[in-house]
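Here's the structure, in structure tokens; my notes come after.
The values are calculated or read from the model by the stated rules, or taken from the named source; none is laboratory data. Because the structure is predicted, anything quoted here is derived from the model rather than measured. All Cβ positions, glycine included, derive from the backbone under ideal geometry; neighbour counts span all protein chains shown.
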Amino acid sequence: MAGGFNPAIRPEARSANVLALATESEIRRAFDEKMERHVKPLVNRVWRVDLRQHSGTHFVRYASGNYYTPHSDTGLHRNDRYFTVVCYLKRRLRRGRDQFPSTQLSGSRRARVKQPFFPSTYVHGAEPVTSGEKYILVSWLTGPASGSMDLRPLASRHPCP
């Protein structure tokens, strides 16, 4: 454990440090409030789905050399995740941008958004940080969901010119 963070190292997939946030922490309370006031209503409006819960909130530090290979946040043991929410806290770094191969978007386009969210089925990853650090909060909107939603990648629904 380094500075309260637990190493999340699986060399074939990921190298970063993770800190689970206590529910009563000030950062967690502020994040939860933004989720309730802004993110959940926006997901409901844009995707026409009502997800009332979020879970798994944690703080991630990507130091120089850290990365996350492309993956989705759903799978055999993660079938309750509908949307991934990433809140960028510090992004003064070289490389280390987030990638969304299935949507043809990269972190440079997403970086303009303070708190992006995307369907957890989207393949995404983090390029290796070559200098500096990246800090993020990450959480998942979880189901069951009411309503209907189209989880095809954005690029396939709204092609970019």
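Please work out which residue is nearest to Phe83 (Cα to Cα), limiting yourself to the range 1-59 and to residues that are of a type in the set (Asp, Glu) and either modelled with pLDDT under 90 or exposed (fewer than 15 other Cβ atoms within 10 Å of the Cβ) (or both).
Step by step, filter the range 1-59, then rank; the result is Asp50.
Are there any pairs, at least 6 apart or on different chains, whose C-beta atoms fall under 8 Å, with the first in the range 125-141 and within 20 Å of Glu12 (Cβ to Cβ) and the second of a type in the set (Asp, Glu), and if so, which?
Pairs that qualify, where the first residue is within 20 Å of Glu12 (Cβ to Cβ) and the partner is of a type in the set (Asp, Glu), are Gly125/Asp98; Ala126/Asp98; Glu127/Asp98.
Would you tally the residues in the range 16-41 being of a type in the set (Asp, Glu) and outside any helix (DSSP H, G or I)?
Qualifying residue count, the range 16-41: 1.
Are there any pairs, at least 6 apart or on different chains, whose C-beta atoms fall under 6 Å, with the first in the range 46-58 and over 30 Å from Ala16 (Cα atoms) and the second part of a helix (DSSP H, G or I) and among the polar types (S, T, N, Q), and if so, which?
Asp50/Asn44
For the range 73-81, indicate whether the set of residues that are surrounded by fewer than 13 Cβ atoms within 10 Å (Cβ to Cβ), part of a strand (DSSP E or B) and within 14 Å of the chain's Cα centre (by Cα) is non-empty. Spell out the reasoning first.
To start, the set of residues in the range 73-81 that are surrounded by fewer than 13 Cβ atoms within 10 Å (Cβ to Cβ) comprises 75-77, 79.
Cutting the leftovers down to part of a strand (DSSP E or B) gives us none.
There is no residue in the range 73-81 that is surrounded by fewer than 13 Cβ atoms within 10 Å (Cβ to Cβ), part of a strand (DSSP E or B) and within 14 Å of the chain's Cα centre (by Cα).
Does Thr130 meet the test of being in a loop (DSSP other than H, G, I, E, B), at pLDDT 80 or above and more than 11 Å from the chain's Cα centre (by Cα)?
No, not satisfied.
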